[in-house]
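Each remark here refers to the structure printed beneath this line.
The values are calculated or read from the model by the stated rules, or taken from the named source; none is laboratory data. Note that the coordinates shown come from a computational prediction; the quantities given were computed from them, not determined experimentally. Positions of Cβ are backbone-derived with ideal geometry, glycine not excepted, and every protein chain shown enters the neighbour counts.
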Amino acid sequence: MTTFVRAGAVSHVGRVRSNNQDSGFIGNHIHGVADGMGGHAGGDVASSIVVKYLAENEQQFATVNDAKVGLEKLLHEANELVIEAVAEHAELKGMGTTADLITLVGDDLVIGHIGDSRVYRFHQGELMQFTIDHTFVQRLVDAGRITPEEALVHPRRSVLMRVLGDVETDPDVDTYVAPAVAGDRWLLCSDGLSSYVEEEAMAEVLARTVESSREVGDDLVQLALDNGAPDNVTVVVLEIGDTVLEPIRPKIVGAASNPLRYTSRAPRRRIKRIVPDVLQSRRRLAQRPENEEFVAPSDEFLEQLIAEEKRRRRWRRFSWATTILLMLGLIGGTSALAYNWTQQQYYVGIADDHVAIYQGVKATLGPIELSHVVQPTDVSVDSLPAYQHMQVRSTIPFSSLEDAQALVERLRDAANQP
């Protein structure tokens with residue numbers, strides 16, 4: 001029977017954020033990640049509440065269906081705790097978190113998913129995104145309005161449709177089932193990895209079978225750090241096999257690994273359920289991560305995004321057209337100035353075996369000659385002394401017509417000498 005043979009979890013605050021709002025855990029039966037988002041504050045609190053609750057209440061499921069129902073139930077219960085925390089502490093209003101869970105039932109893996117954290121499967125050298133992001137930008141991709149490549153840089157890419165938190169009393173959790181195949185590696189990660197590291201680079205790291213899951217996790221986080229790591233980065237790496245390769249010990253990383261502290265604005269009546277001990281006193285409020293927000297799913301907002309995308313496309317076309325016109329104008333202006341300069345130059349050369357004065361420079365621009373005969377003469381080239389003959393054949397440049405005419409007179413005198 002297949003099992004998890006190696007597991008590793010790593011979390012890093014990144015190079016820009018001042019605090020880590022991600023959490024992750026390795027359990028005895030369930031493993032997961034959570035990426036917190038806040039209103040004024042609380043993303044780290046939200047992910048901590050969820051991960052601590054999941055880690056403390058994980059269980060083994062008898063069937064795949066039990067696992068699907070059980071993971072959804074656990075996430076709903078964790079969501080209630082987040083709502084209760086906000087009810088007790090108004091300064092945490094608007095906080096929420098994504099969540100991805102995975103558990104093994106016999107020869108199948110069951111996944112619970114909400115938000116834009118991701119689960120990837122690395123199978124036979126290929127990396128596949130297994131979950132679908134709950135973002136409005138993903139809906140634009142599904143509708144064919146934008147490409148997956150455009151989604152990576154879309155200004156609304158962090159607008160979430162589904163999260164755990166006080167914004168959703170009954171969150172809609174997706175569940176997936178996949179075969180547990182020996183040799184596969186599974187990656188759970190926050191968008192601090194998936195948004196800043198190419199899948200090809202992630203696959204290259206996951207292919208390092210000689211490394212432990214922890215080492216692979218460290219390497220993946222390092223890739224994000226090498227790319228600037230503007231967001232928190234959390235990864236859980238799991239390997240499937242028949243024989244355990246290293247002991248798997250429960251572990252919590254990120255925000256949930258530390259007790260969080262905050263200062264309550266005012267005493268509030270405690271509700272029936274007791275909020276876990278992640279909520280302590282004297283916690284300094286954290287700033288809300290930039291560009292992260294939850295918007296309830298609606299056709300109106302989707303139409304707004306589509307309208308924005310149309311305006312953005314029109315603006316891009318206008319910008320490109322303007323840039324091209326400016327470039328053409330610049331090239332045309334430069335070319336006109338350059339051509340005007342050439343027509344102020346002269347040289348003495350040969351035309352029909354006779355000395356002639358040319359206006360311009362002896363060069364071509366594609367099919368365009370940059371010079372023409374401006375004054376032919378009756379001086380035969382063959383009548384010139386050898387040295388002058390060689391000079392004229394090589395052309396003699398001048399900056400004025402008068403200087404060129406003076407040379408022609410000297411050449412005529414030389415040609416008439418016996």
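If residue 69 satisfies all but one of (1) touching a helix residue (DSSP H, G or I) at 6+ places or on another chain (Cβ under 7 Å); (2) free of Cβ contacts under 8 Å to residues at least 40 places away in the same chain, what's the number of the condition it fails?
Among (1) touching a helix residue (DSSP H, G or I) at 6+ places or on another chain (Cβ under 7 Å); (2) free of Cβ contacts under 8 Å to residues at least 40 places away in the same chain, the lone unmet condition for residue 69 is (1).
Hey, residue 246 hits all of (1) surrounded by fewer than 16 Cβ atoms within 10 Å (Cβ to Cβ); (2) within 25 Å of the chain's Cα centre (by Cα) but one; which does it fall short on?
(2)
Taking the options 35, 66, name whichever one is assigned by TED's automatic domain parsing to the domain that holds residue 218, acidic (Asp, Glu) and crowded, with 18+ Cβ neighbours inside 10 Å.
Being assigned by TED's automatic domain parsing to the domain that holds residue 218, acidic (Asp, Glu) and crowded, with 18+ Cβ neighbours inside 10 Å holds for just one of 35, 66, which is 35.
Considering only residues that are assigned to a strand (DSSP E or B) and in contact with a Lys or Arg (Cβ under 7 Å, 6 or more places away or on another chain), look in the stretch 107-139 and name the one that is surrounded by the most Cβ atoms within 10 Å (Cβ to Cβ).
Step by step, filter the stretch 107-139, then rank; the result is 114.
Here are some residues: 103, 147, 135. Which one is under 20 Å from residue 236 (Cα atoms) and of a type outside the set (Asp, Glu)?
103
Evaluate the stretch 41-52: report whether one residue or more is assigned to a helix (DSSP H, G or I), free of Cβ contacts under 8 Å to residues at least 60 places away in the same chain and assigned by TED's automatic domain parsing to the domain that holds residue 13.
There is no residue in the stretch 41-52 that is assigned to a helix (DSSP H, G or I), free of Cβ contacts under 8 Å to residues at least 60 places away in the same chain and assigned by TED's automatic domain parsing to the domain that holds residue 13.
Does the stretch 144-156 include one or more residues that are part of a helix (DSSP H, G or I) and in contact with a Pro (Cβ under 9 Å, 6 or more places away or on another chain)?
Checking the stretch 144-156: not a single residue is part of a helix (DSSP H, G or I) and in contact with a Pro (Cβ under 9 Å, 6 or more places away or on another chain).
If I filter the stretch 140-155 down to residues being of a type outside the set (A, V, I, L, M, F, W, C) and more than 17 Å from residue 191 (Cβ to Cβ), which single residue comes out as surrounded by the fewest Cβ atoms within 10 Å (Cβ to Cβ)?
So, considering only residues that are of a type outside the set (A, V, I, L, M, F, W, C) and more than 17 Å from residue 191 (Cβ to Cβ), the one surrounded by the fewest Cβ atoms within 10 Å (Cβ to Cβ) is 144.
Would you mind telling me which numbered condition in (1) at pLDDT below 90; (2) in contact with a Pro (Cβ under 8 Å, 6 or more places away or on another chain); (3) crowded, with 17+ Cβ neighbours inside 10 Å residue 196 fails?
The number of the failed condition is (1).
Taking the residues in the stretch 1-26 that are among the small types (Gly, Ala, Ser) and closer than 18 Å to residue 77 by Cα as candidates, determine which candidate is surrounded by the most Cβ atoms within 10 Å (Cβ to Cβ).
Residue satisfying both the conditions and the ranking: 23.
If I filter the stretch 47-98 down to residues being closer than 17 Å to residue 36 by Cβ and of a type in the set (Val, Ile, Thr), which single residue comes out as modelled with the lowest pLDDT?
The extreme case among them is 86.
If the Cβ limit is 6 Å and pairs must be 6+ apart or interchain, which residue in the stretch 79-104 that is surrounded by fewer than 20 Cβ atoms within 10 Å (Cβ to Cβ) pairs with which residue that is among the β-branched types (Val, Ile, Thr) and assigned to a helix (DSSP H, G or I)?
Within 6 Å, the pairs are 93/86.
For the stretch 157-179, give me each residue that is assigned to a loop (DSSP other than H, G, I, E, B) and buried (at least 19 other Cβ atoms within 10 Å of the Cβ).
Those that are assigned to a loop (DSSP other than H, G, I, E, B) and buried (at least 19 other Cβ atoms within 10 Å of the Cβ): 157, 158, 161, 162, 163, 166, 167, 171, 173.
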